[in-house]
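**Student:** Sharing a structure below in structure tokens format, with a few things to ask.
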Amino acid sequence: MKKQIFIQFILLSSISLFSCVSTKNTEPTEIPEPVEQAEENSQTEQEPENQTEGEENSETEQQNDVAQKETETVTEPESDTENESDKKNVEVAETSAKKEEVQDDGKISRSLIGVGKKTQKELYKFFMKNNKKASKRKVKRLAKYYIEEANAEGINSDVAFVQMCHETGFLRFGNLVSEDMNNFCGLGSIDVNNRGATFETEQLGVRAHIQHLQAYATTEEIELHRELVDPRYEWVHKTKFVTDIFGLTKTWATDPNYGAKLDAILTRLEGK
């Protein structure tokens with residue numbers, strides 16, 4: 001009986017001792033709290049860095065805004081300057097146009113070189129007032145030819161047309177030159193044995209007239225732009241030089257009032 005009690009006591013002691021040992025071995029393995037604290041510490045350490053990066057981005061954006069404002073401030077005066085320059089250019093152009101309007105008083109240049117002011121229609125109307133019996137179609141054609149041929153050689157078409165009116169008596173002819181010769185300026189007309197040059201068409205006759213004026217008004221090195229049809233061009237180009245209608249007196253014609261007569265017809269063409 002005593003042995004049984006002793007054995008039971010030993011077994012209970014062993015079980016108690018085993019349970020104590022196992023409890024000591026298992027308790028230290030459960031340590032959740034330090035891990036959570038480490039994560040919290042990690043988050044705490046990272047938060048200042050994120051705040052710093054946000055602050056840096058904010059500062060960068062502010063710097064960009066300032067730079068953009070500075071750029072706009074610099075470019076605005078340039079835009080204003082360009083606008084002021086454009087306005088000045090417009091004002092200058094308007095002033096020049098007004099000056100031209102004042103200077104353009106309808107007066108026709110007496111120079112041989114230049115651009116005529118009168119249109120085909122104006123030349124036609126002027127001519128018909130002075131010879132109502134003339135062929136309207138022919139006068140219109142001649143006005144057109146004189147403007148075209150004169151512009152081609154840089155000759156004043158108003159002067160050339162008026163000279164034709166004077167030389168032909170507004171296409172009445174009646175002297176050495178006849179209408180069928182298409183000679184509108186008395187070119188080469190000297191006497192009954194030398195009545196003057198003859199041309200196949202009206203336009204060639206007008207061209208010869210313009211070329212003869214160009215020979216008087218330019219120096220020898222200036223060349224023609226259209227085919228030469230004036231038979232006396234070379235001689236005149238080498239020996240004669242005048243600048244206006246008054247210089248044609250005693251050079252183109254022997255009449256001492258030749259330039260004054262042309263001037264009088266031009267004054268009528270001006271409408272005075």
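The values are calculated or read from the model by the stated rules, or taken from the named source; none is laboratory data. In this text the structure is predicted, and so the values were computed from the model without any measurement. Heads up, the Cβs are rebuilt from the backbone with ideal geometry, glycines too, and the neighbour counts pull from every protein chain shown. Accessible surface areas use protein heavy atoms only, side chains included; no ligands, DNA or RNA. Shrake-Rupley method; radii C 1.70, N 1.55, O 1.52, S 1.80 Å.
**Student:** I need the full set of residues from region 178-213 which are open to solvent by 30 Å² or more (accessible area, probe 1.4 Å) and of a type in the set (Val, Ile, Thr), in order please.
**Tutor:** The answer is Ile190, Val192, Thr198, Thr201.
**Student:** Which residue pairs have Cβ atoms under 6 Å apart, sit 6 or more places apart or on different chains, and have a first residue in region 219-241 that is within 16 Å of His209 (Cα to Cα) and a second that is among the hydroxyl-bearing types (Ser, Thr, Tyr) and surrounded by fewer than 17 Cβ atoms within 10 Å (Cβ to Cβ)?
**Tutor:** Cβ pairs passing all conditions: Lys240/Thr251.
**Student:** Next question, about the same structure. Checking Leu269 against (1) open to solvent by 50 Å² or more (accessible area, probe 1.4 Å); (2) in a helix (DSSP H, G or I), which test does it fail?
**Tutor:** For Leu269, the exception is condition (1).
**Student:** Mind listing whichever residues of region 136-168 are open to solvent by 10 Å² or more (accessible area, probe 1.4 Å) and free of Cβ contacts under 8 Å to residues at least 24 places away in the same chain?
**Tutor:** Of everything in region 136-168, those that are open to solvent by 10 Å² or more (accessible area, probe 1.4 Å) and free of Cβ contacts under 8 Å to residues at least 24 places away in the same chain turn out to be Lys136, Arg137, Lys140, Glu148, Glu167.
**Student:** Restricting to region 166-206, what's the tally of residues that are acidic (Asp, Glu), modelled with pLDDT of 95 or more and either more than 20 Å from Arg141 (Cα to Cα) or assigned to a loop (DSSP other than H, G, I, E, B) (or both)?
**Tutor:** 1
**Student:** For residues in region 215-251 being aromatic (Phe, Trp, Tyr) and at pLDDT 95 or above, which is most open to solvent (accessible area, probe 1.4 Å)?
**Tutor:** Phe241
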